Amino acid sequence: MLGFESSCDETGVALIEVEGGQPPRLLAQALHSQIAMHQAYGGVVPELASRDHVRRVLPLAREVLSQAGLALHDVDLIAYTQGPGLAGALLVGAGVAVSLAAALDVPALPVHHLEGHLLSPFLSADPPEFPFVALLVSGGHTQLMRVDDVGAYEMLGETIDDAAGEAFDKSAKLLGLPYPGGPHLARMAEFGNPEAFALPRPLLHSGKPDFSFAGLKTAVLTQVKKLGLDGGQPCEQTKADLAASTQAAIVEVLVKKSLLALKETGLKRLVVAGGVGANAKLREQLNAACAKRGVRVHYPELALCTDNGAMIAMAAALRVQRGTADARRDGGFEVRPRWDLSAA
Ligand code: ATP
Ligand code: MG
Ligand code: FE
C-alpha cells in the first residue's frame, strides 16, 4: 500500500507491504520538507505549503515506486492523511490519493495524522506491545493517551493552550533562532546552564496529566527584554543559558506528567511520538525516570519523529490487518482540518 502525508509542511510518500499477520514491512519512503521555503517568513505560510505539495507529491510517489522496483498497478490500497492539519495542504494529498485510487480501482483509506505519529514506533526494529501510555508531543499537539490497541485511544490529558513543540518554536524565535526552532534551541541548550533561569512549570502540580505552555513563552519574552537579548548584543552564553532553562522546563513537565499517566493507568510501557520526541534531553530524562520504575520506553526512529509518509502507511497497514480500515472506493473524500483522535 501507498501512503501520502501532506498535513503541514512536509510532503511524504511511502510504500508498505502487508502479508497476512506478519508485521507490515516498509519497502520505500521519500520525503520533501518545505522548511527552507517557509523559513524566510518565520513560520508555515499555508498557501505556499499547498502549492509546494502539488509540485512534490507525484515525483515523490514515482521515487518510492522506483526505489521498491514496483509499478503503480502493484499498489492494492492508497492511504492518505485526512486531518488534522492545514485544509489546503490536506486537500492536495487527499485529492491525489483518492484520484490515484479511483484510476487504479483500489480502495482509498483516510488516516488520522496523530494516529500516524502514535503508531510510528511500529516502524522501528523493536515495536511496542499493547497496551501502552502514549506521550504525543508534536508541533500542534501535546497529549497523553491510553492506547489499548490500534484504534482504541483514550485521552488522559492534553495541553490547555500551546503544544510542547510550539513552546520550543516560540521560545526559539525569541532567541533569534530560525523556524522551526525546536532542534536549534536544543542544540544551543547543550552549551547552557539549565538552572540559570527559574522559568515557570505551569500545572506541574495539578495532579492531572494536563499541560500548559503559554506562560513559558511569556516568561522567556520577559527575560529576553530584561537582558536586552533582542538588541543584537554578543551574549551567546546568556542565550544558551536561557535556551537550556527553557528546555529543562518543558522536559520536566513532560516527564512528570508521563509518570503520572503511567501511575494512573498502572501500565509499564510508554510510547513517545511526534517531533519533540526527537529531543535528546527528553529521551535522556524519560529513560532515566522510567528505568527506575521498570517502565519500557519506545520511540520512533529519529528521522520518523517529525512528519513522514511511512507513519501514515503504517497506520493504514495496521488498521487493514485488524479489519478496522474504513476505506472508500467511490472517489469521494473530505478533509478534516480539526479532528480529535479519540473520535477517530
Ligand atoms: P502536528 O503533528 O501536531 O500536526 P507537526 O506535524 O507540525 O504538528 P511534528 O512534525 O510532529 O509536528 O513536529 C514538529 C515539531 O517538533 C516542531 O515544533 C519542532 O520544533 C519540534 N522538534 C523537532 N525536533 C526537535 C528537537 N530535537 N527538540 C525539540 N523540538 C523538536
Ligand atoms: Mg513539519
Ligand atoms: Fe505531525
Original post:
Quick check: is even one residue across the range 316-338 touching an Asp or Glu at 6+ places or on another chain (Cβ under 7 Å) and not polar (S, T, N, Q)?
Top reply: no
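Only one residue in Ala280, Ala273 is of a type outside the set (Ser, Thr, Tyr) and within 16 Å of ligand 3 (Cβ to nearest atom). Which one?
Working: Ala280 fails: within 16 Å of ligand 3 (Cβ to nearest atom).
Unique residue meeting the criteria: Ala273.
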Subject >> Check on Glu195, at pLDDT 95 or above and within 30 Å of Ala316 (Cβ to Cβ) >> reply: no
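Of the residues His32, His38, which is outside any loop (DSSP other than H, G, I, E, B), within 15 Å of ligand 1 (Cβ to nearest atom) and closer than 15 Å to Thr306 by Cα? Before you say what the answer is, go through the steps one by one.
Working: His38 fails: closer than 15 Å to Thr306 by Cα.
Result of the check over His32, His38: His32.
Looking at Gly266, Gly274, can you tell me which residue is at positive phi, at pLDDT 95 or above and touching a Ser or Thr at 6+ places or on another chain (Cβ under 7 Å)? Break it down into steps so the answer makes sense when it comes.
Values: Gly266 fails: touching a Ser or Thr at 6+ places or on another chain (Cβ under 7 Å).
Criteria check complete, one pass: Gly274.
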Original post:
Does the range 51-64 contain any residue that is touching a Lys or Arg at 6+ places or on another chain (Cβ under 8 Å) and acidic (Asp, Glu)?
Top reply: no
Original post:
Name the pairs: first residue in the range 319-340 and under 15 Å from Gly116 (Cα atoms), second residue of a type in the set (A, V, I, L, M) and modelled with pLDDT under 95, Cβ to Cβ under 6 Å, at least 6 apart or on different chains?
Top reply: Arg319/Ala325
**OP:** Considering each residue of the range 19-45, count those that are of a type outside the set (A, V, I, L, M, F, W, C) and farther than 30 Å from Val75 by Cα, and give that number.
**Re:** 5
**OP:** Return the only residue of Asp9, Asp52 being at pLDDT 95 or above, more than 16 Å from ligand 3 (Cβ to nearest atom) and out of contact with any Leu (no Cβ under 6 Å at 6 or more places or on another chain).
**Re:** Asp52
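Residues are listed down the side, and each one gets a yes or a no for (1) under 24 Å from Ser245 (Cα atoms); (2) within 13 Å of ligand 1 (Cβ to nearest atom):
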site	(1), (2)
Ala261	no, no
Gly266	no, no
Arg296	no, no
Thr306	yes, yes
Met311	no, yes
Leu318	no, no
Asp326	no, no
Gly331	no, no
Original post:
Can you tell me which of Arg55, Arg62, Arg146 is outside any loop (DSSP other than H, G, I, E, B), under 22 Å from the mean Cα position of the chain (by Cα) and more than 16 Å from ligand 1 (Cβ to nearest atom)?
Top reply: Arg146
Original post:
List, please: which pairs have Cβ atoms under 8 Å, are six or more places apart or on different chains, and start with a residue in the range 89-106 that is within 16 Å of Asp74 (Cα to Cα) and end with one that is in a helix (DSSP H, G or I)?
Top reply: Leu100/Ala61; Leu100/Leu72; Leu104/Leu72; Leu104/His73
Subject >> Residue that is crowded, with 17+ Cβ neighbours inside 10 Å and not aromatic (Phe, Trp, Tyr), where the choices are Leu267, Leu227 >> reply: Leu267
Original post:
Of all the residues that make up the range 205-215, how many are surrounded by 14 or more Cβ atoms within 10 Å (Cβ to Cβ) and farther than 19 Å from Leu136 by Cβ?
Top reply: 1
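Looking at the structure I just gave you, is Leu242 among the aliphatic types (A, V, I, L, M), under 19 Å from the mean Cα position of the chain (by Cα) and buried (at least 21 other Cβ atoms within 10 Å of the Cβ)?
no
Looking at Gly165, Gly140, Gly88, Gly95, which is the one that is within 26 Å of Arg62 (Cα to Cα) and within 16 Å of ligand 2 (Cβ to nearest atom)?
Going through Gly165, Gly140, Gly88, Gly95 in turn, just one is within 26 Å of Arg62 (Cα to Cα) and within 16 Å of ligand 2 (Cβ to nearest atom): Gly88.
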**OP:** Select from the range 179-188 the residues that are at pLDDT 95 or above and either out of contact with any Leu (no Cβ under 8 Å at 6 or more places or on another chain) or assigned to a loop (DSSP other than H, G, I, E, B) (or both) and write down the one among them that is surrounded by the fewest Cβ atoms within 10 Å (Cβ to Cβ).
**Re:** Arg187
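The values are calculated or read from the model by the stated rules, or taken from the named source; none is laboratory data. Quick caveat: nothing in here was measured; it's all calculated off a predicted structure. With ideal geometry, Cβ positions are generated from the backbone for all residues, glycine too; neighbour counts draw on all protein chains shown.
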